[in-house]
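The values are calculated or read from the model by the stated rules, or taken from the named source; none is laboratory data. In this text, all values refer to a predicted model and were calculated from it rather than measured experimentally. Using ideal geometry, Cβ is built from the backbone for each residue, glycine included, and neighbour counts are taken over all protein chains shown.
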Amino acid sequence: MTAYRSPFWLPGGHTQTIYPLLIKPSPPPYRRERWETPDGDFIDLDWNDPSPATSASHSSPVLVLFHGLEGSSGSHYAISLMRAAVAIGWTGVVVNFRGCSGEINRLPRAYHSGDSAEIDWILQRLRQRFPQRPRYAVGVSLGGNALLKWLGERETAAGTCLQAAAAISAPLDLSASGTHLGRGFNRLYSRHFLHTLKRKAAAKLRLHPGLFDAQRLRAANSLYAFDDLVTAPLHGFAGAEDYWRRASSKPWLKGIRLRTLLLNARNDPFMPARVLPSPGQAGASVLLEFPLQGGHVGFVAGHPPGRLDWLPQRILHFFRHEV
């Protein structure tokens, strides 16, 4: 498959990141399923099933997607990938992290960038449900970081759950990414995330009074401040710095033994290119692909108004022909 080249009419990492939101396709006919978690909470999974004419139901692959920060099955990359998967007869499923399916979750905790334990529980359950079908996982942005961390922790044992994996635009170094998102134009993305993060946190505070300081929540104007007040303490970290350090996936890349595609654009505004790993910083089974252009989960292709098909086709090509 040809390497990614950005269209001439869409220059720069910011435009390549934001423009896909304007051409997002309509969602497929998802089938929602709720799973009760071992700790008394729930997650919602949205399935996209192929038609009987294109699927061998007992042997066709299952493709699971873990979305990014404040994403869901309605994110443009999720819709595009699910549509591409079902077109070749695969079953697709988007895991909506806790609180991301449109309904607040029950427990004080939610989801975070390094939640490899949650990834493990989900993939183990899918393995038990589909023992005879090939299974592939894709993580995007936050979901990519969590998936990579799981892959590095599990090493060869990851192969009992998956045939291969892919991580797209993952913030491999959360400290570098968080700092980068707090500067210049990038603060636009931070404000976008904070808008929904703070709204959800306020709703969580109404369910669990005294969980954290409401005044500090209202004053939080950066991802660092939010993570220090909410994300870190709710998920067992001492603070934002401890969370960003311990949840980052980059130190785990050398432990990955499963065939994995790591795809990040060098002009991704969510993470400086200097953080991208060298071949010596990742396991031999990891394919490092760092195109100059693409933005953050952008990769728009074609003539105006553009298409979002390059990324799903790249992922599926890797799973079908490069594993």
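Structure above, values below:
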item	result
Test: residue in region 177-191 that is aromatic (Phe, Trp, Tyr), in the same structural domain as VAL64 (by TED's automatic domain parsing), buried (at least 16 other Cβ atoms within 10 Å of the Cβ) and in contact with a Leu (Cβ under 8 Å, 6 or more places away or on another chain)	no
Residue identified as free of Cβ contacts under 8 Å to residues at least 60 places away in the same chain and not hydroxyl-bearing (Ser, Thr, Tyr) among ALA146, ALA214	ALA214
Answer from PHE226, PHE270, PHE212 - the residue that is under 30 Å from PRO108 (Cα atoms), touching a Leu at 6+ places or on another chain (Cβ under 8 Å), outside the structural domain of ASN186 (by TED's automatic domain parsing) and not acidic (Asp, Glu)	PHE270
Residue that is under 15 Å from the mean Cα position of the chain (by Cα) and within 20 Å of ALA167 (Cα to Cα), where the choices are LEU126, LEU81	LEU81
The lone exception for ASN267 - which of (1) under 30 Å from ALA202 (Cβ atoms); (2) assigned to a loop (DSSP other than H, G, I, E, B); (3) out of contact with any Ser or Thr (no Cβ under 6 Å at 6 or more places or on another chain); (4) not charged (D, E, K, R) it fails	(1)
Sole residue being touching a residue at least 60 places away in the same chain (Cβ under 8 Å), out of contact with any helix residue (DSSP H, G or I) (no Cβ under 9 Å at 6 or more places or on another chain) and not acidic (Asp, Glu), chosen from SER80, SER6, SER75	SER75
Elements of type strands (runs of 3 or more DSSP E) in region 1-90, at least 3 residues being surrounded by 13 or more Cβ atoms within 10 Å (Cβ to Cβ)	42-48, 62-66
Filtered residues of region 139-174 (kept if hydroxyl-bearing (Ser, Thr, Tyr) and either buried (at least 24 other Cβ atoms within 10 Å of the Cβ) or not assigned by TED's automatic domain parsing to the domain that holds GLU70 (or both))	SER141, SER169
Sole residue being part of a helix (DSSP H, G or I) and either touching a Lys or Arg at 6+ places or on another chain (Cβ under 7 Å) or surrounded by fewer than 14 Cβ atoms within 10 Å (Cβ to Cβ) (or both), chosen from ALA225, ALA238, ALA202, ALA232	ALA202
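Yes or no, residue by residue, for (1) at positive phi; (2) in contact (Cβ under 8 Å) with a residue 40 or more places away in the chain; (3) assigned to a loop (DSSP other than H, G, I, E, B):
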{"residue": "GLY92", "(1), (2), (3)": "no, yes, no"}
{"residue": "GLU103", "(1), (2), (3)": "no, yes, yes"}
{"residue": "ALA117", "(1), (2), (3)": "no, no, no"}
{"residue": "LEU123", "(1), (2), (3)": "no, yes, no"}
{"residue": "ARG133", "(1), (2), (3)": "no, yes, yes"}
{"residue": "VAL138", "(1), (2), (3)": "no, yes, no"}
{"residue": "LEU151", "(1), (2), (3)": "no, yes, no"}
